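The structure appears right after this line, and notes come after that.
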Amino acid sequence: MTAAVTVGAVAAGADGWLFGGETAGRVRVTRILLAVLIGGRIALSPFRGLAGQPAALFRPVWFLEWLDRMPSLGTIVAVQVIGAVAAALAVLGWRERGTFLAAWMSLLFLAGLRASRGKVQHNDVLLLLVAAAFVLAPVGLRALDRRRSVAWGWPVRTALVVVAGAYFLSGFQKVVASGPAWVLSDNLRNIMYRAALSGRAPTDQVALFIADRPALAHVVALGALAVELGFLSILFWPRARPWFVAAAAVLHTGIYLTHGLDYWMWIATTAVVLIDWQPLATGLANRATRTTRSPSVSGS
Amino acid sequence: MQRTAEAVPRRTRCAVYGFLVAFAITGAAHLEAWPFTGFRLFSERRGPDREGWEIVAVEHDGAEVRIDLSDLPVGARGSAKLIEGFADMSQSDRDGVCRAWVAPLRDEGRAVDEVRVYARVDSVRPDGPPPTRSLAYSCGARP
């Protein structure tokens, strides 16, 4: 009885938080920034290189199983153009829901093609999952609107859960698969030696610097795992969010320097979601207004 | 502020919960339904030995040319994962994959007779033993 009451109270509390209030401006600004990331990713990633892949290597993800091979160059470029234009229009606020959905679906399609080479790809997963929460989000909101309502809170809070959950689950899987040995054994030294051998990073010096120092390797492993598992705290402790954005930046920059892996979209998405950019947008708008008015004041 | 029940339509609430449940189940149970994923990022403990595959093209004179998939076009990178499924593939399907790997060499006019896939064990340590390898598959002979 007591347990049931406790579970019920926790569920009610979680529901109350998930569907709690946020400002209209935060929803609009977050969607603008996500559209910028989606558009940039679509336009700048080398998706065109996927065209011409021999059909024997094509292993489509589940929602692309209707394809029997990688699409042609023309098709990929067309989807890139449609996605980039749609993202730009979503930034401008033109038919927001439709244009944002088109941009998101374009990236889903293109990143899905990249994930159809037999290997799970995580590079765009966080951006896609976070942006999915904004596909159904309320539209027609103004970036400078500071009114707060429960009608506008759930997209931002769902995105917060996804970011926190993605990092937490990454750490959780390490604990499940390896246990304390992930930190306490030579695991991270071996990871770093492997990374140095792979030759994919811009330098092997960072990986070897860590690998050659067992105590440092344990500290780095503990730090990485603590950051990932600790990400859940952003849900309960808003003041920690900027620190976790910085920690994610350090984590992924370290992965790039040691492994050459591209996780920049994880950093950018985390920053977009964890930080409330709406006050900054307001500040920029106020400054622009003052700048516009000042010549007429000085001239009168 | 409006109350939640009035402000957020029931179908939206269901969609949010459905989305988060899918995210949590795939993430916790290590299921892959991309972009929902099991988040296994460096999760398995690495030992001092790296077990992998070495793909070589065998030229007409018997010389072996190592194929580095990261040097191939974007569409072929990462496809070494397909070798894990070779045991369940027909020889014809294996041949298709192997021919795709050596297509750039053949396009250059190199006389590649077949592809050999070795199971290879490397020590990652600077003072480790030399690598060992054993032939796992032969495939990709000229059709």
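From A:Thr30, A:Thr99, grab the single residue that is farther than 23 Å from A:Val163 by Cα, away from chain B (no Cβ under 14 Å), assigned to a helix (DSSP H, G or I) and not hydrophobic (A, V, I, L, M, F, W, C). Just a single option satisfies the conditions, and that option is A:Thr99.
Selection of segment A:54-66 for residues being in contact (Cβ under 8 Å) with a residue 12 or more places away in the chain and either open to solvent by 10 Å² or more (accessible area, probe 1.4 Å) or among the aromatic types (Phe, Trp, Tyr) (or both) yields A:Ala55, A:Phe58, A:Arg59, A:Pro60, A:Val61, A:Phe63.
Set side by side, the residues B:Asp61, B:Asp68, B:Asp107, B:Asp93 differ, and just one is at the interface with chain A (Cβ under 8 Å from one of its Cβ atoms), out of contact with any Pro (no Cβ under 8 Å at 6 or more places or on another chain) and farther than 30 Å from A:Val176 by Cβ, which is B:Asp93. Pairs linking a residue in segment A:277-291 that is under 15 Å from A:Val156 (Cβ atoms) to a residue that is open to solvent by less than 40 Å² (accessible area, probe 1.4 Å) and of a type in the set (Ser, Thr, Tyr), with Cβ atoms under 7 Å and 6 or more positions apart or on different chains, are A:Gln278/A:Thr23. Scanning segment B:112-143 for residues that are under 24 Å from B:His60 (Cβ atoms), open to solvent by less than 40 Å² (accessible area, probe 1.4 Å) and at pLDDT 95 or above returns B:Val115, B:Val117, B:Tyr118. Of the residues making up segment A:37-59, those that are part of a loop (DSSP other than H, G, I, E, B) and more than 22 Å from A:Val273 (Cβ to Cβ) number 6.
On inspection, B:Arg50 does not qualify as modelled with pLDDT under 95, open to solvent by 60 Å² or more (accessible area, probe 1.4 Å), in a loop (DSSP other than H, G, I, E, B) and within 11 Å of chain A (Cβ to nearest Cβ).
Let's see how each residue does on (1) at the interface with chain B (Cβ under 7 Å from one of its Cβ atoms); (2) among the charged types (D, E, K, R); (3) more than 17 Å from the chain's Cα centre (by Cα); (4) surrounded by fewer than 24 Cβ atoms within 10 Å (Cβ to Cβ):
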position	(1), (2), (3), (4)
A:Val81	no, no, yes, yes
A:Ala88	no, no, yes, yes
A:Trp94	no, no, yes, yes
A:Ser106	no, no, no, no
A:Leu113	no, no, yes, no
A:Val120	yes, no, no, yes
A:Arg157	no, yes, no, yes
A:Ala166	yes, no, no, no
A:Gly171	no, no, no, yes
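Applying the selection to segment A:180-203, what residues are among the charged types (D, E, K, R) and farther than 22 Å from A:Ala247 by Cα? Of everything in segment A:180-203, those that are among the charged types (D, E, K, R) and farther than 22 Å from A:Ala247 by Cα turn out to be A:Asp186, A:Arg194, A:Arg200. Candidates are the residues of segment A:180-201 that are more than 7 Å from chain B (Cβ to nearest Cβ) and not in a loop (DSSP other than H, G, I, E, B); the one that is modelled with the lowest pLDDT is A:Ser198.
Residues considered: A:Ala177, A:Ala166, A:Ala159. Of these, the only one that is part of a helix (DSSP H, G or I) and more than 26 Å from A:Ala240 (Cβ to Cβ) is A:Ala177.
The values are calculated or read from the model by the stated rules, or taken from the named source; none is laboratory data. The structure presented is a predicted model; accordingly, all values stated were derived computationally and were not measured. Reconstructed Cβ throughout: ideal geometry from the backbone, glycine too, with neighbour counts over all protein chains shown. With ligands, DNA and RNA removed, areas are computed over all heavy atoms of the protein, side chains included. Shrake-Rupley method; radii C 1.70, N 1.55, O 1.52, S 1.80 Å.
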